[in-house]
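Take a look at the structure set out below.
The values are calculated or read from the model by the stated rules, or taken from the named source; none is laboratory data. This structure is a prediction, so every number in the text was calculated from the model and none was measured. Cβ atoms come from the backbone with ideal geometry, glycine included; neighbour counts cover every protein chain shown.
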């Protein structure tokens, strides 16, 4: 029987550190970030379905969140200021990511690939799918904000400008995505509290 290394490769997310160019009071791995994005993406879709009458696949959003940065196992984590420096670099990086995703999918048996392709790629003609993917991207930004809050609470001022920039991005997302507004109002204030304060 043939053997495949997709899951062994994906499990290496635990070795990829995020925020590599910044001094961290506590390192954050890609695995930790991906789990947080998955939980938040699921929550945002649940909010959308219950409060805004949407028809979003919250479970698929959670899976998309889990795998949203898996291509970085191959590409590495490119710092945001570099990745988004200009449209040319952004486009080139998107192409590199697409190649990396294809390389990951090739590490699966052929009969399983279509299932995982639906997690990594999506139907741009499906309105609900596109909206769900926008919530996964929003969850990624919310996770970044949480990291900034945690670093700030630990006395690390290195993340001050990252926090300001992330808050600006989330501010515009709150206008477009009411689910993000609700999350910011109801759940974000608890981040950064001590365990006693959360009890």
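State which residue is surrounded by the most Cβ atoms within 10 Å (Cβ to Cβ) when the search covers only segment 132-151 and only residues that are under 12 Å from the mean Cα position of the chain (by Cα) and more than 20 Å from residue 191 (Cα to Cα).
133
Could you check, for segment 121-131, whether at least one of its residues is surrounded by 16 or more Cβ atoms within 10 Å (Cβ to Cβ) and within 29 Å of residue 27 (Cβ to Cβ)?
Within segment 121-131 (the criterion being surrounded by 16 or more Cβ atoms within 10 Å (Cβ to Cβ) and within 29 Å of residue 27 (Cβ to Cβ)), the answer is no, since none of the residues qualifies.
The rows are residues; the columns are (1) surrounded by 16 or more Cβ atoms within 10 Å (Cβ to Cβ); (2) without any contact (Cβ under 8 Å) to a residue 24 or more places away in the chain.
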{"position": "153", "(1), (2)": "no, no"}
{"position": "164", "(1), (2)": "no, yes"}
{"position": "167", "(1), (2)": "no, yes"}
{"position": "170", "(1), (2)": "yes, no"}
{"position": "174", "(1), (2)": "yes, yes"}
{"position": "177", "(1), (2)": "yes, no"}
{"position": "195", "(1), (2)": "no, yes"}
{"position": "199", "(1), (2)": "no, yes"}
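Is it true that residue 2 is modelled with pLDDT under 90, farther than 17 Å from residue 103 by Cα and not in a helix (DSSP H, G or I)?
Values: modelled with pLDDT under 90: yes; farther than 17 Å from residue 103 by Cα: yes; not in a helix (DSSP H, G or I): yes.
Criteria met by residue 2.
Filter segment 22-49 down to residues that are part of a loop (DSSP other than H, G, I, E, B) and touching a residue at least 60 places away in the same chain (Cβ under 8 Å) and give me whichever is nearest to residue 138 (Cα to Cα).
By that ranking, first place goes to 28.
Got at least one residue in segment 145-160 being modelled with pLDDT of 95 or more and under 15 Å from residue 44 (Cα atoms)?
no
Taking the options 140, 111, name whichever one is assigned to a loop (DSSP other than H, G, I, E, B) and out of contact with any strand residue (DSSP E or B) (no Cβ under 6 Å at 6 or more places or on another chain).
None of the other options fit; the residue is 111.
Within segment 50-99, how many residues are assigned to a helix (DSSP H, G or I), at pLDDT below 95 and either over 13 Å from residue 30 (Cβ atoms) or more than 18 Å from the chain's Cα centre (by Cα) (or both)?
17
Exactly one condition in (1) over 18 Å from the mean Cα position of the chain (by Cα); (2) within 27 Å of residue 176 (Cα to Cα); (3) in a helix (DSSP H, G or I); (4) touching a residue at least 24 places away in the same chain (Cβ under 8 Å) is not met by residue 103; state its number.
(2)
Can you pull out every residue in segment 6-21 that is surrounded by 12 or more Cβ atoms within 10 Å (Cβ to Cβ) and either in a loop (DSSP other than H, G, I, E, B) or more than 18 Å from the chain's Cα centre (by Cα) (or both)?
Answer for segment 6-21, where residues must be surrounded by 12 or more Cβ atoms within 10 Å (Cβ to Cβ) and either in a loop (DSSP other than H, G, I, E, B) or more than 18 Å from the chain's Cα centre (by Cα) (or both): 6, 9, 16, 18, 19, 20.
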